[in-house]
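Q: There's a structure below that I have some questions on.
The values are calculated or read from the model by the stated rules, or taken from the named source; none is laboratory data. None of these values were measured; they are calculated from a predicted model. Don't worry about glycine lacking a Cβ; one is built from the backbone with ideal geometry, like all the others, and counts go over all protein chains shown. Keep in mind that these areas ignore ligands, DNA and RNA; they rest on the heavy atoms of the full protein, side chains included. Shrake-Rupley method; radii C 1.70, N 1.55, O 1.52, S 1.80 Å.
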Amino acid sequence: MTKFDIPSVYQALFEPLTIKSMRIPSRFLSTSHAPGYASDGHITERYALYEAEKAKGGVGLVQFGGATAVSPENSFKYGQINGGVDTVIPEYQQMADAIHEHGALCTVQLTHGGRRERWDNANWLPAFSPSCRRELIHRTFPAEMEDHDCRRICEDYAAAALRARAGGVDGVEISCQAGTLIEQFWSPASNLRQDDYGGSLENRMRFGFQVLEAIRDEIGDDYPIGIRVPGDELLDGGLTREDCTAIARAHAESGLVDFISVVGGQASDYKSSAKIWPTMWVPSAAYLDLAGGIRTQVRLPVFHATRITDAATAAHAVKEGLVDMVGMTRAFIADPHHVRKLITGRQNDIRPCVGAGYCVDRVLKGTDALCCHNVVTSREKHLAHTIEPSGQVRKRVVVVGGGPGGLESARVAAHRGHDVVLFEATAELGGQLVLAGKAGWRRDLSGIVDWLGGQLENLGVTVQLNRLAQATDVEALDPDVVIIATGGLPNRGDFVGNTLANSTWDVFSKQAPWGDAVLVFDEHGGHGALSCAELLAKGGAKVTLATPDRVAGSELGDTNIGAHMSELYGYSVKMRQDTRLTHLERDGNGLLAELTNIYTDK
């Protein structure tokens, strides 16, 4: 690729890093995650193309296969790879070849979920853990591991690592984070044993060291092995920052590992899920200090990834010696060509990750990761991240509607070389994103609008604001193509007196003043009602949130629901589940609402 003069502020990110046989060409890292593109444990073409695109875009190290299974009792609930069978070896080779073709290196993450498994999935085997402590997310009562279980799982890890090496993968990372099995042994919150695997921190580290020793015995000393660890579990009764530093130091001194990747938090409930895989609810680079603290205590390369989305922050982290590799995983989901654009002087063309959390939440709900900002990601077989001119006759394209759909349509059409005119009925671009961004911690959604608007300006798209387009307005331009992207309208629901109700749009746009007491009725289960309730409560109203669903926010995944519920409870919002609004009428200066339980009809 053609390189411009890289600004000095970014130079540190383009220094190579050598870890045994791995010579990583840059400090840009896409960390291991499970995007849900594996099928029944097998690596698919879609998966390989998705990871290879990041290598093509300039990422130095692509860590794929988050939570790759090593044992028969491991499930594939999140679309993980099955690394416990020999059929994975040629699939690894397919993945490694696709990444190597573009000059990047790759590692795979090997994981035993322990209690983070379901017995009624994959091979229908019971979950194992150091102690019978149930975890809220997976809801399993795990069997307490016996000595023969520990020995067998160590052998499974070793065999899985050997398969990775045989498949041309450059190294392996052992998951000791996100509440997986090795961390379950480490943490006093999940390990209540009284034998050689419990009690002191030295004893609680025993199983993890046995795993690493088994792997080394199988694959030798020349193959790179890393571990991914918490810098602080952020959990009452769990591992403290001091504990995690001691664990990292002990592993660095053992000679068994070659790099340490650091995260913050764990994942045993919904709030902790919202912290370990943070949305915009958590500040940018929130746990960088945890990684930096560990790096001062070990003589190994330290990796880190928790919502670092821009190269300036990444460069600071490397230049100041806080980390050696900077994970920008979700930034590369939003734009896998992030690094290429940086190198070629196209910083303004980098599509930003705003931290919506849609990608992670889809996976945690058991489906595939998609980016709410970039439709091409994971569809590389059918769509291209780089839009080329069509080569056809230049056409006149009219787009009606300036929300995200209309803006993206206009951007693509302009890139294809067509003349584009966009009509927007209001005074600003963004559509419903403008409203959603007014809801406190979700304000970063405005970054999507800012980027799309900037792209249209650079591409010469004619934007007409405050134009409620009529048919005559469109016809007057004699268009070849018309795209209608006017979005939807609020639905006030099906109950007696619904005309007396206000919509969330009315609240966010400040068209509806509110009093001391407000009922928010939600039949959608998404962000809208929860954000509205938070906004009202923050403004001083006494808020009741009612929903016919069994839980509020039923459409949301763990990271976003964890953030929303923390806010709602923090503002003392009263919640009534299994409840439908059936009647609304005026009552003096206020309203009288009839709520009905959906099971008893009372």
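Q: Among the residues of the range 83-97, write down those that are open to solvent by less than 30 Å² (accessible area, probe 1.4 Å) and touching a helix residue (DSSP H, G or I) at 6+ places or on another chain (Cβ under 8 Å).
A: Matches in the range 83-97: GLY83, GLY84, VAL88, TYR92, MET95.
Q: A follow-up question, please. Can you work out which of the residues in the range 11-49 that are open to solvent by less than 10 Å² (accessible area, probe 1.4 Å) and part of a helix (DSSP H, G or I) is farthest from LYS365 (Cα to Cα)?
A: Only one residue fits best here, namely LEU13.
Q: Further question: Name the single residue that is surrounded by the fewest Cβ atoms within 10 Å (Cβ to Cβ) among those in the range 266-281 being part of a loop (DSSP other than H, G, I, E, B) and of a type outside the set (A, V, I, L, M).
A: Within the range 266-281, the subset part of a loop (DSSP other than H, G, I, E, B) is 266-269, 277-281.
Narrowing the set further to residues that are of a type outside the set (A, V, I, L, M) leaves 266, 268-269, 277-279, 281.
Working: GLN266: 27, SER268: 26, ASP269: 15, TRP277: 27, PRO278: 24, THR279: 25, TRP281: 21.
Top of the filtered list is ASP269.
Listed here are the residues, each with its yes/no results for (1) outside any helix (DSSP H, G or I); (2) open to solvent by less than 20 Å² (accessible area, probe 1.4 Å); (3) on the phi > 0 side of the Ramachandran plot.
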position: PRO490; (1), (2), (3): yes, no, no
position: ASN502; (1), (2), (3): yes, no, no
position: TRP505; (1), (2), (3): no, no, no
position: GLY528; (1), (2), (3): no, no, no
position: ALA537; (1), (2), (3): no, yes, no
position: LEU545; (1), (2), (3): yes, yes, no
position: ARG550; (1), (2), (3): yes, no, no
position: GLU555; (1), (2), (3): yes, no, no
position: THR559; (1), (2), (3): no, yes, no
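Q: Please verify whether the range 451-472 includes one or more residues that are of a type in the set (Asp, Glu) and either in contact with a Lys or Arg (Cβ under 7 Å, 6 or more places away or on another chain) or buried (at least 17 other Cβ atoms within 10 Å of the Cβ) (or both).
A: Step one: of the range 451-472, the residues of a type in the set (Asp, Glu) are 457.
When the remaining residues are screened for being either in contact with a Lys or Arg (Cβ under 7 Å, 6 or more places away or on another chain) or buried (at least 17 other Cβ atoms within 10 Å of the Cβ) (or both), the result is none.
No: the range 451-472 contains no residue that is of a type in the set (Asp, Glu) and either in contact with a Lys or Arg (Cβ under 7 Å, 6 or more places away or on another chain) or buried (at least 17 other Cβ atoms within 10 Å of the Cβ) (or both).
Q: Can you tell me which of SER200, SER190 is touching a strand residue (DSSP E or B) at 6+ places or on another chain (Cβ under 7 Å) and either closer than 28 Å to GLY103 by Cα or among the small types (Gly, Ala, Ser) (or both)?
A: Working: SER200 fails: touching a strand residue (DSSP E or B) at 6+ places or on another chain (Cβ under 7 Å).
The unique qualifying residue is SER190.
Q: Show me the strands (runs of 3 or more DSSP E) entirely contained within the range 376-471 in which 3 or more residues are among the hydrophobic types (A, V, I, L, M, F, W, C) and over 22 Å from the mean Cα position of the chain (by Cα).
A: Numbers: elements: 396-400, 419-423, 462-464.
Fully inside the range 376-471 and qualifying: 396-400, 419-423.
Q: State the number of residues belonging to the range 236-257 that are surrounded by fewer than 21 Cβ atoms within 10 Å (Cβ to Cβ) and part of a loop (DSSP other than H, G, I, E, B).
A: Residues in the range 236-257 being surrounded by fewer than 21 Cβ atoms within 10 Å (Cβ to Cβ) and part of a loop (DSSP other than H, G, I, E, B): 5 in total.
Q: Next question. Looking at the range 216-225, is at least one residue over 24 Å from THR306 (Cα atoms), buried (at least 17 other Cβ atoms within 10 Å of the Cβ), among the small types (Gly, Ala, Ser) and modelled with pLDDT of 95 or more?
A: no
Q: Turning to a different aspect of this structure: Name the pairs whose Cβ atoms lie under 7 Å apart, with the first residue in the range 139-159 and closer than 17 Å to ARG206 by Cβ and touching a residue at least 40 places away in the same chain (Cβ under 8 Å), the second of a type in the set (Val, Ile, Thr) and in a helix (DSSP H, G or I), and 6 or more positions between them or separate chains?
A: CYS154/VAL211; TYR157/VAL211; TYR157/ILE215; ALA158/ILE215
Q: Let me confirm something: among ALA334, ALA291, ALA317, ALA356, which residue is touching a residue at least 40 places away in the same chain (Cβ under 8 Å), farther than 20 Å from PHE64 by Cα and open to solvent by less than 10 Å² (accessible area, probe 1.4 Å)? Spell out the reasoning first.
A: Values: ALA334 fails: farther than 20 Å from PHE64 by Cα; ALA317 fails: touching a residue at least 40 places away in the same chain (Cβ under 8 Å); ALA356 fails: open to solvent by less than 10 Å² (accessible area, probe 1.4 Å).
Only one candidate passes the filter, namely ALA291.
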